[in-house]
Amino acid sequence: MKNFENNVLTDTSVAEQEFNQQFCDDVIAGLKAVPKFLQPKYFYNSTGDEIFQQIMGSNEYYPTDCELEIFTQQTQELAKAMIADGSPFDLIELGAGDAMKSTHLLRHLLNESADFRYVPIDISGHVINYLKETLPVTLPGLQLIGLTGEYFHMLKEAAELSPRRKVVLFLGSNIGNMPVSDAQQFCIELRNHLAKGDSVLMGVDLKKNPKTILAAYNDAEGHTRNFNLNLLTRINSELGANFDLSKFEHYPTYDPETGACKSYLISLADQQVSLCNQTVTFAKDEYIYMEISQKYTVGQTDYMASVSGFKPVQHFFDSKNWFVDAIWTVE
Ligand SMILES: C[S@@+](CC[C@H](N)C(=O)[O-])C[C@H]1O[C@@H](n2cnc3c(N)ncnc32)[C@H](O)[C@@H]1O
């Protein structure tokens, strides 16, 4: 148990205490709800970040390869769209992760002597520290300001840093980690944080053969399974819970009609788990809804842009047309 000892917080900083309280409140609210759910933003502790790297490296997980192909094969055209009229800009990446794909774009922009600053935002402090340590070494001359926190809290902070034009990257189909109505709301809020002349590069995984999609969330080596179970491990270590991981099973589904790919953890027994001084009861076969990875058609992404007050102006596809990076501008 790291921070909760006899219900007394030990020597953590105020920010950590607040985080742990919020984490505890969110987990209890999710596990007491019907049906049970956990918030996917908590997947990303340092182990979660590492397992996500393994997922991205697995044979079945195609989205990273598709988007990487776009970033390596169409770098010049992407950079041209960012540089636009040549005015200085802040390149803000929401949920930057390891910035593996954006690094290709950053290198190209530096070679072009573009006047820009890179502002990665991520809820994982581990990720932001990694980027702050590594990118100035691999990309000499890069101006970087890393911000740890929630997308819009940090976007607001980023906006206060300078009045420069903003180009926002939201890659890896992170938008798909929200149900469609939440994604729509997210795009509206994103638009409200931006101004005329700003733009967004939105990476979205497209609908395709259902078997290809399902396999990506059910890889043979079990990385996706481990990723989901790691959240229970995190809750055990940070909130003093006693989840028995052998009593939960990873269950992914894909519905080609709605485009929703969802992951669940199924309770394999009637069981009770205690955490944050509370007890949560699971019936055998009851599920915890863990994550959605929503798939779209190109038309649906254009519609989402337009309804949110953006103009979809350009599409970059991989050679299989499995993934799109779309440029949306604020008119
Ligand atoms: C699926 S990974 C994708 C990383 C990267 N964009 C890519 O394309 O490879 C999602 C990233 O978003 C971050 N993230 C998730 N929810 C977040 C939130 N609410 N606010 C800020 N970052 C978040 C995670 O920590 C993680 O690094």
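Lys284 falls short on exactly one of the conditions (1) of a type in the set (Lys, Arg); (2) in a loop (DSSP other than H, G, I, E, B); (3) not assigned by TED's automatic domain parsing to the domain that holds Cys24, and that condition is (3). If you check Ala215 against the conditions, is it within 13 Å of the ligand (Cβ to nearest atom) and in a helix (DSSP H, G or I)? For Ala215, the condition - within 13 Å of the ligand (Cβ to nearest atom) and in a helix (DSSP H, G or I) - is not met. One residue stands out in region 16-41 among those that are under 14 Å from Leu232 (Cβ atoms) and near the ligand (Cβ under 9 Å from one of its atoms): the one that is nearest to the chain's Cα centre (by Cα), namely Pro40. Is it true that Asp182 is without any contact (Cβ under 8 Å) to a residue 60 or more places away in the chain and either acidic (Asp, Glu) or in the same structural domain as Gly95 (by TED's automatic domain parsing) (or both)? Judged against the criteria, Asp182 is a match.
The set of residues from region 62-110 being over 21 Å from Leu139 (Cα atoms) and crowded, with 19+ Cβ neighbours inside 10 Å comprises Tyr62, Pro63, Thr64, Cys66. For region 170-203, filtered to residues that are more than 18 Å from Pro40 (Cβ to Cβ) and either within 10 Å of the ligand (Cβ to nearest atom) or basic (Lys, Arg) (or both), the residue that is most open to solvent (accessible area, probe 1.4 Å) is Lys196.
Total residues in region 45-62 satisfying the condition of being out of contact with any helix residue (DSSP H, G or I) (no Cβ under 7 Å at 6 or more places or on another chain) and within 15 Å of the ligand (Cβ to nearest atom): the figure is 3. Considering Val119, Val167, Val127, the condition of being in contact with a Gly (Cβ under 9 Å, 6 or more places away or on another chain), in a strand (DSSP E or B), open to solvent by less than 70 Å² (accessible area, probe 1.4 Å) and in contact (Cβ under 8 Å) with a residue 40 or more places away in the chain is satisfied by Val119 alone.
Against the criterion of being surrounded by fewer than 20 Cβ atoms within 10 Å (Cβ to Cβ) and assigned to a helix (DSSP H, G or I), Thr301 does not qualify.
If you filter region 145-159 down to residues that are more than 10 Å from the ligand (Cβ to nearest atom) and crowded, with 16+ Cβ neighbours inside 10 Å, you find that the one that is farthest from Arg234 (Cα to Cα) is Ala159.
The values are calculated or read from the model by the stated rules, or taken from the named source; none is laboratory data. Quick caveat, the model's predicted, so the values are computed rather than measured. Backbone-built Cβ (ideal geometry, glycine too); neighbour counts: all protein chains shown. Please note that ligands, DNA and RNA were not included when accessible areas were found on the heavy atoms of the full protein model with its side chains. Shrake-Rupley method; radii C 1.70, N 1.55, O 1.52, S 1.80 Å.
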